[in-house]
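Heads up, the thing below is written out as structure tokens.
The values are calculated or read from the model by the stated rules, or taken from the named source; none is laboratory data. As the structure is a prediction and not an experimental result, all values here were calculated from the model. Positions of Cβ are backbone-derived with ideal geometry, glycine not excepted, and every protein chain shown enters the neighbour counts. With ligands, DNA and RNA removed, areas are computed over all heavy atoms of the protein, side chains included. Shrake-Rupley method; radii C 1.70, N 1.55, O 1.52, S 1.80 Å.
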Amino acid sequence: MAGRREPRRPFAGRRVLLGVTGGIAAYKAVQLARDLALAGAAVDVVLTAGAREFVRPLTFEALTGRAAHTSLYPDGDPNLHIRLAREADLVLVAPATANFLARGAHGMADDLLTAILLATPAPVVLCPAMNDRMYAHRATQDNLLRLREIGYTLAGPATGPLAWGEGEGPGRMLEPDEILAHAGRALESPSLDGVRIVVTAGPTREPIDPVRYVGNRSSGRMGYEIAAAAWRRGADVHLVSGPSHLLAPVGPVVTRVETAEEMRGAVAAHLPNADALVMAAAVADFRPSDPAGEKIKKESGGVPVIELERTPDVLRETRDLRPAGAVVVGFALETQDVVANGRRKLERKGLDLLVVNDAREPGAGFEVVTNRVTFLEPGRDDESLPLMSKGEVADRILDRVEAILQAKRAR
């Protein structure tokens, strides 16, 4: 089937009730419903009367394969609000207008969506969307405070272009992919709640001159997936990223670096307060020893000779900064004697887990969305995983991190 994707954690088999209220951002809810369904969720859409002025129930039904609901008292099902409230694993309202937020904050139940809000035991995520002056009004701010006190999660708003003629400001609804990340965090078990994790990702670039560099083909995807999955599980995540074309994951705090030296400094700054370090970055092993201050011209005569020197070994040089009980995960990309070389690195770097893969493996390594890795741990047999998405690999890695962390804390 065209457009079909493999279900993914934590949406597969879960029931998400998507509430849509009457704002111009309702058009984004159409994409959000599609994304939730493609991720594997069963999506029940509830539209308020205002929402139906912007989008039609039939649109959602075509995308989700399920009925879209509009009435608190539909024919033949007076308890629809109770059934939908109890069956939902998550109630997600996007957009959530100022009017809806006010009614939700004061416990009103005058339509199907607000009645569900009062009846559901599921987590609730609200995505505010309104004019910036409406958002800034004291009444709205008081309502937002009250909604947080009730226990609802507020995702957004963002600052950006508003409705036609209104310019830019705070009040814009988050984009569907950002909302999807918040929904995933609400659905996921908070198994890493309160755990502080530093993740490194991407390549480093070592300058030859102001316009050229020595680097590698790493996209940063593996590290980004780990950071996103850790945040989804409740962790406080700091992502140290080399240059990457990928959008930063929702949730983690991001520090951007260019060189191996900058990455070493960023890891050194954050590692002392961390419970885990996942070193997924592909740090360049060598750098020009004397980078030119100006662009090297072809006309300067002959082919330049570039002498190289070793870059800082981030894991080795920050080893003394690791807190007692911290979990340290390394990565190794090999082309020969993959497991044997990995075992030596595991011991040499003092790691709790090494994730190793073969650069020649089809569908694995750099610039692809899949990976095939082997886990190496001290005192344990190797575990080789089949080819899977890097998102799935990230969750397998974090399962190991959780187990190692629990074992260390139990000692």
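Here are a few things to note about the model shown:
- Each residue in segment 317-347 was checked for being over 23 Å from VAL195 (Cα atoms), among the basic types (Lys, Arg) and touching a residue at least 24 places away in the same chain (Cβ under 8 Å), and 1 pass.
- Out of ASP395, ASP358, one residue alone is closer than 20 Å to SER219 by Cβ, modelled with pLDDT of 90 or more and of a type in the set (Asp, Glu). It is ASP395.
- Of the residues making up segment 31-45, those that are free of Cβ contacts under 8 Å to residues at least 40 places away in the same chain, touching a Phe, Trp or Tyr at 6+ places or on another chain (Cβ under 7 Å) and either aromatic (Phe, Trp, Tyr) or not in a helix (DSSP H, G or I) (or both) are GLY40, ALA41, VAL45.
- Condition met for ALA62 (open to solvent by less than 40 Å² (accessible area, probe 1.4 Å) and either acidic (Asp, Glu) or assigned to a helix (DSSP H, G or I) (or both)): no
- Here the strands (runs of 3 or more DSSP E) wholly within segment 316-384 that include at least 2 residues being over 24 Å from GLN406 (Cβ atoms) are 327-334, 353-358.
- Index of the failed condition, ALA268 passing every other in (1) open to solvent by 10 Å² or more (accessible area, probe 1.4 Å); (2) within 30 Å of ARG14 (Cα to Cα); (3) of a type in the set (Gly, Ala, Ser); (4) out of contact with any strand residue (DSSP E or B) (no Cβ under 9 Å at 6 or more places or on another chain): (2)
- Scope segment 13-29; condition aliphatic (A, V, I, L, M) and open to solvent by less than 30 Å² (accessible area, probe 1.4 Å); matching residues: VAL16, LEU17, LEU18, VAL20, ALA25, ALA26, ALA29
- Given (1) surrounded by fewer than 16 Cβ atoms within 10 Å (Cβ to Cβ); (2) in contact with a helix residue (DSSP H, G or I) (Cβ under 8 Å, 6 or more places away or on another chain); (3) outside any helix (DSSP H, G or I); (4) not β-branched (Val, Ile, Thr), number of the condition ALA284 does not satisfy: (1)
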